[in-house]
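See below for the structure under consideration.
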Amino acid sequence: MTDTSAGSSPTKVAPAYPAAGVASLMRDELLNAVRSTYKRKGLPLPPDDASVVAKPIEIDSQLVVETLQVLDDILPFKVTESVVKAGGYGSIEAAVAHVTGRVEKKWSEHHTGAKT
């Protein structure tokens, strides 16, 4: 898509970034992974998802990398481990916020050809 308004030279404009979809998929995948891990270890978790998402829990960066594949169906590019912070995150909420922001930069780069 190009923008040629106001007599300027054509510039590429990225389509709207599906932030809600990216965040929802990441949150659900991480939530399932954390619930599975806690169940396997016999550790208690709050029954409601919102409490688990906000709960201070160590989220290993490797776990986050492993969940990136859920984004393949909604994004026109493969998301790599470069969007994940080394050392992990302190909650699902923090992981989702960070990865969603980093993926948005990749989205813009993909659609405009520019490095941000």
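Since every read-out is calculated from the coordinates, none of them should be taken as a lab result. These numbers were taken from a predicted model, which means no experiment stands behind them. Don't worry about glycine lacking a Cβ; one is built from the backbone with ideal geometry, like all the others, and counts go over all protein chains shown.
General remarks:
- Selected residue (criterion: surrounded by the most Cβ atoms within 10 Å (Cβ to Cβ)) from residues of the stretch 67-95 that are touching a residue at least 12 places away in the same chain (Cβ under 8 Å) and of a type in the set (Asp, Glu): Glu93
- Of the residues making up the stretch 96-116, those that are surrounded by 18 or more Cβ atoms within 10 Å (Cβ to Cβ) and closer than 25 Å to Ile57 by Cβ are Val96, Val99, Thr100, Val103.
- In the stretch 13-72, the residue that is farthest from Ala86 (Cα to Cα) out of those that are outside any helix (DSSP H, G or I) and touching a Lys or Arg at 6+ places or on another chain (Cβ under 9 Å) is Pro46.
- Only one of the numbered conditions (1) assigned to a loop (DSSP other than H, G, I, E, B); (2) within 25 Å of Pro15 (Cβ to Cβ) is not met by Glu109, and that is (1).
- Residue match in the stretch 51-60 (condition: closer than 21 Å to Pro18 by Cα and touching a residue at least 60 places away in the same chain (Cβ under 8 Å)): no
- Qualifying position, being farther than 14 Å from Glu93 by Cα and aliphatic (A, V, I, L, M), among Ala16, Ala54, Ala20, Ala50: Ala16
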